[in-house]
Structure formats: structure tokens, C-alpha cells
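Enquirer: Take a look at the following structure, please.
The values are calculated or read from the model by the stated rules, or taken from the named source; none is laboratory data. Keep in mind that this is a model prediction, so the values were computed, not measured. For neighbour counting, all protein chains shown are included, and Cβ atoms are generated from backbone atoms with ideal geometry for every residue, glycine included. Keep in mind that these areas ignore ligands, DNA and RNA; they rest on the heavy atoms of the full protein, side chains included. Shrake-Rupley method; radii C 1.70, N 1.55, O 1.52, S 1.80 Å.
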Amino acid sequence: MHEASIAESIVRSVLRAAAEAKAEKVESVTLEFGEWSAFEPAQVEFWLKVGFENTPAAAAALEIRTVPGRIRCRACGAEGACPQNGSGVTGPFVGPVLECPSCGGSDVEIISGREAVVKSIRVVK
Amino acid sequence: MKISIPSTNETFDIELSENMLAANDKLAAENRRFFDSRGIFAIDILGSVGSGKTTLVQQFVRRLKDRKKVASIAGDLATTIDADRIRTAGGEVLQVNTGSLCHLDASIVNRAVSSLDLDGLDILLIENVGNLICPGEFRLGAHRRLVVVSVTEGPYMIVKHPAVFLDADAVAVNKTDLAGVMEVDPERLKKDALALKPGLKTALISAKTGEGVDELMRLMGIPGA
């Protein structure tokens, strides 16, 4: 259900920008979600369709892009993608390991991959 | 907001780059500044319904209350069960009912804190709404995020909820006293958590018997632990 609350924020943001630009309708909306965000694109899309009903964005095409996850090591300063867990090592688990790809340190910070961003909209005046 | 050159006479691309989580993140940062200015150490506690969050909060309160002033916020959809239980352990407790909302967010914590007695408060325990998916995205401004999983939830709780551990500082594998009957290896759950985030502090505990709770509190750096 948290997709509904993020969709509500997206609807507000899109309609405000369209109104400020005095647009007649919104043709498309481009969103960016981090690969590690817990927002399921199909669910967000569903709630956006509900939210855009009877608004200038009712017919807008949605493009949802995925932002790859990246980390920075606080010990050696390296930045990059995480090593991945493969299946077999930890049972069915496939996903990132939050450790430095360079020095193997575990004091890392996430620099991308958690986004929920309205990137741009295309409007018709 | 930047309006680019029209691609036709009528169609415009508007660059927004608006972060939908920014409002919550900003409020979370405000909460953190507020906690810091008052010397309050705040802990966000996540876990599914039945994982043992409330029992663990009771253990924390009992262990800390003679040395520190402790208050708790109990997040739940509809009931006051959690707050009533924590109250038996001591300290001030505030129940926050979220209705249909599946997580606490920074604004809820902000409002809740303003109705607590903050005078001399040292430690704030925030028990989040019971699920391991939604609360992960909404930072509250706490100093530590603790995730509680128990062996009674089966062997896959960690691998099936990877996102929530990204922001976690510590993981408590709970109900180790039942591991034998459940045929779930607590060490395996711990290994799963470390495979995702090697920097996590992990402890095997039984919130019911109290085993491992002191160790968990030390690992988390809770003042007075």
C-alpha cells in the first residue's frame, strides 16, 4: 500500500508543474526508481492511473526507469556497483552485498539506487 | 523547474527531478536534529507482526529505566495492545494508530514526539507498524534502525525482505528458545543478514527469556546499556 502514498505525491507534483506551465494536457511522465527502492513499478502505475483520472494527465504515457544501485566505501573511497550474492551461497538469495567492491570493507554508504523521482513531464499547451 | 526548448510548437518537456521521498527525508533530518539538541537517543524498531518487537521493547525498558529516562512510541494500525503491554514495563508510552497506513513516517513521529514529556528524556524507542516492507522506505530520524526477525516466521524472512536491511544498523534474530521445535537455524538467519550487509550488528536473542538482549543493546551502542 505504500505505492499509493508515493503515487499521491507524484500526482500532486505532476499536476502542479502542468498548471504552472499552463499546459492543456500532460502527454507523458518519466519516473526514476532505484533498483533497491521498495516500490513496485506495476503498483505505482496502477495508483497513478487512479490518481490521474479526470485530470489533464488522464491519458499520460508513463515511463518508469530503473536507477542502478551504487555504493561508496568510507574506508578506501571507492565508488561503484555492489558485488552480488549468487544463488546457492545463501540459499535462494540473489541480490546486492553491501560491501566495497575494491577493498571488501563493510563501512559503505549507498549513493544511488533508492530513488523515487519525477524526472520530467511532456506537456501540450 | 526548467522548461526546455519546445520540440514542436505546442509540446514542451519540463524537467522536474523532484524526489518524492524528499519531504519525508527532510522531516527525518529535522527529527534527528531535534533529538540531538535534547540528547535523546532514538531507535526505530522494525519487524513483522508477531516477530517480538513489543516484548523486546519491554526488555529494553526494564533494563534501562533505573538508569535512563525512557519513552516509547508504539505504532499500530488499530489497537492499543502494544502500548498497554509496554506500559507494564514502565516509562511513558504513546500509542499511534495509523489506520490503514502500513508504516510510520517522519511527520507522524514529529507529531508524536511533541505530545511526549521530553523533560530529561534519554532514550526514545519507536516501535514501527508490523511489516517488513513498507517501513523500509520511510526514515524517521532515529539514530539506529533495528530489524527483529524470529525463527517462528520461518527460514526465509531475511532473504525475502532484502530492501529493509539496507538502512538497518542491527538485526535481532529472536525466539532462539524455539529454534529447535521450529527446525529453523538462527545462525542461518544471521548469515543471510550479513550476506546482504556485512556491516550489520547481529545478535541471537530470546526477548521472552531475555537471553542475548544485553549483548544486543551493547552492540547497538544504546546509552546506559
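Enquirer: If I ask for residues that are buried (at least 24 other Cβ atoms within 10 Å of the Cβ) and in a strand (DSSP E or B), which ones from the range B:146-180 would you list?
Expert: The answer is B:L146, B:V147, B:V148, B:V149, B:S150, B:V171, B:A172, B:V173, B:N174.
Enquirer: Here's a check for you: in the range B:181-213, which residue that is open to solvent by 30 Å² or more (accessible area, probe 1.4 Å) and part of a helix (DSSP H, G or I) is farthest from the other protein chains (Cβ to nearest Cβ)?
Expert: The extreme case among them is B:V181.
Enquirer: Considering B:S51, B:S100, B:S72, which residue is in a loop (DSSP other than H, G, I, E, B) and open to solvent by less than 10 Å² (accessible area, probe 1.4 Å)?
Expert: B:S51
Enquirer: Only one of these is open to solvent by 30 Å² or more (accessible area, probe 1.4 Å), at pLDDT 90 or above and assigned to a loop (DSSP other than H, G, I, E, B): A:K119, A:K49, A:K22. Name it.
Expert: A:K22
Enquirer: Just to be sure I understand, how many residues within the range B:135-156 are within 30 Å of A:S9 (Cα to Cα) and among the aromatic types (F, W, Y)?
Expert: Counting residues in the range B:135-156 that are within 30 Å of A:S9 (Cα to Cα) and among the aromatic types (F, W, Y) gives 1.
Enquirer: Go through the range A:1-13 and give me each residue that's crowded, with 18+ Cβ neighbours inside 10 Å and either at positive phi or within 8 Å of another protein chain (Cβ to nearest Cβ) (or both).
Expert: A:H2, A:S5, A:I6, A:S9, A:I10, A:S13 - these are the residues of the range A:1-13 that are crowded, with 18+ Cβ neighbours inside 10 Å and either at positive phi or within 8 Å of another protein chain (Cβ to nearest Cβ) (or both).
Enquirer: Now for a separate question. Which one of the conditions (1) in a helix (DSSP H, G or I); (2) surrounded by 20 or more Cβ atoms within 10 Å (Cβ to Cβ) does B:A142 fail to meet, given that it meets all the rest?
Expert: B:A142 satisfies every listed condition except (1).
Enquirer: Sticking with this one: For the range A:52-74, give me the residue count where each residue is farther than 23 Å from B:G136 by Cβ, open to solvent by less than 80 Å² (accessible area, probe 1.4 Å) and either of a type in the set (G, A, S) or at pLDDT below 90 (or both).
Expert: Residues meeting the conditions: 4.
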